[in-house]
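See below for the structure under consideration.
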Amino acid sequence: MAKRTQAPGSDDSILVIGLGRFGAATAEALTKIGREVMAVEKNAELVQAWSTKLTHVVEADATNLDALRQVGAADFTTAVVGIGTSIEASVLATANLVDLGIDQVWAKAISVSHGKILRRIGAEHVLYPESEAGARVARLVSSRMLDYIEFDDGHFAVVKMRPPKEIQGFTLAESKIRATYGVTVVGVKSPGRDFTYADPETRINSNDMLIVAGHVELLGRFSSRP
């Protein structure tokens, strides 16, 4: 029997399945940015722990299609499956959400084979949080990058970084970054000032912060310059 604390109140609410580390962190982050979240978790202790931190918490087994129907899962257009301890439970929960007609299903995968199964049963987006986090940290610690966002295709990224010495004191036109490195400086932040869009006459100083976009491999080369 599913046990529901409160009902979601808006059409763009997000359904989160599982309140383990990933699911709970996702639900909490969504709440902080103002999205309404309903979390579904079968562990009563986790439901109790998160009932005071999240607006809507439901005690139910997401592998049971009838239980999901009972708590109103079909009313959502976006769902995140954060189950990682059981591939079987993850696959069943994802399949149930797809069967309920939820348009956007994001599902956590713990392996490539797990991810392939999730995609085949209809998950719109497959997430690999552990491996993605490891790759992101590796890029940050091995370069001048301060932050790094890679897009779905794995080829394009946007980074926040300090400028290499060879472009300090020069305008973007003078340093010819795009021609030399194949990347584009999108914005610049100088100390005490807001980020501004970059143009050819933007002069780069040693203590500036850059937003740079481009192919992952080319960004890696540029950010590794001394």
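The values are calculated or read from the model by the stated rules, or taken from the named source; none is laboratory data. Note that the coordinates shown come from a computational prediction; the quantities given were computed from them, not determined experimentally. All Cβ positions, glycine included, derive from the backbone under ideal geometry; neighbour counts span all protein chains shown.
Structural remarks
- Every residue from segment 77-101 that is part of a loop (DSSP other than H, G, I, E, B), over 15 Å from Gly18 (Cβ atoms) and within 22 Å of the chain's Cα centre (by Cα): Thr77
- Val141 fulfils the conditions (1) modelled with pLDDT under 90; (2) surrounded by 13 or more Cβ atoms within 10 Å (Cβ to Cβ); (3) not aromatic (Phe, Trp, Tyr) except for a single criterion, (2).
- When Val57, Val40 are checked against the criterion of being closer than 16 Å to Asn96 by Cα, assigned by TED's automatic domain parsing to the domain that holds Leu15 and either touching a residue at least 12 places away in the same chain (Cβ under 8 Å) or part of a loop (DSSP other than H, G, I, E, B) (or both), a single residue qualifies: Val40.
- Odd one out for Thr94 among (1) under 17 Å from His125 (Cβ atoms); (2) touching a residue at least 60 places away in the same chain (Cβ under 8 Å); (3) polar (S, T, N, Q): (2)
- Residues within segment 56-91 that are under 20 Å from Glu124 (Cβ atoms) and touching a Pro at 6+ places or on another chain (Cβ under 8 Å), tallied: 2
- Failed condition for Ala49, given (1) modelled with pLDDT of 90 or more; (2) more than 22 Å from Glu130 (Cβ to Cβ); (3) crowded, with 18+ Cβ neighbours inside 10 Å: (3)
- Residue that is surrounded by the fewest Cβ atoms within 10 Å (Cβ to Cβ), among those in segment 171-181 that are of a type in the set (A, V, I, L, M, F, W, C) and within 21 Å of Leu146 (Cβ to Cβ): Leu172
- Segment 79-88, residues that are surrounded by fewer than 23 Cβ atoms within 10 Å (Cβ to Cβ) and either among the aromatic types (Phe, Trp, Tyr) or touching a Lys or Arg at 6+ places or on another chain (Cβ under 9 Å) (or both): Gly84
- Filtered residues of segment 209-220 (kept if closer than 13 Å to Met161 by Cα and either aliphatic (A, V, I, L, M) or touching a Pro at 6+ places or on another chain (Cβ under 6 Å) (or both)): Met209, Leu210, Ile211, Val212, Ala213, Leu219
- In segment 182-215, residue nearest to the chain's Cα centre (by Cα) [restricted to those that are among the basic types (Lys, Arg) and surrounded by fewer than 16 Cβ atoms within 10 Å (Cβ to Cβ)]: Lys189
- Filtered residue count, segment 102-126, keeping only those that are touching a residue at least 40 places away in the same chain (Cβ under 8 Å) and either surrounded by fewer than 18 Cβ atoms within 10 Å (Cβ to Cβ) or hydrophobic (A, V, I, L, M, F, W, C) (or both): 2
- Matching residues, segment 155-196, being without any contact (Cβ under 8 Å) to a residue 24 or more places away in the chain, under 22 Å from Gly220 (Cα atoms) and not small (Gly, Ala, Ser): Glu174, Lys176, Arg178, Thr180, Val188, Lys189
- Selection within segment 190-226: residues that are of a type in the set (Gly, Ala, Ser) and in a loop (DSSP other than H, G, I, E, B). The member of this set that is farthest from Ile177 (Cα to Cα) is Gly192.
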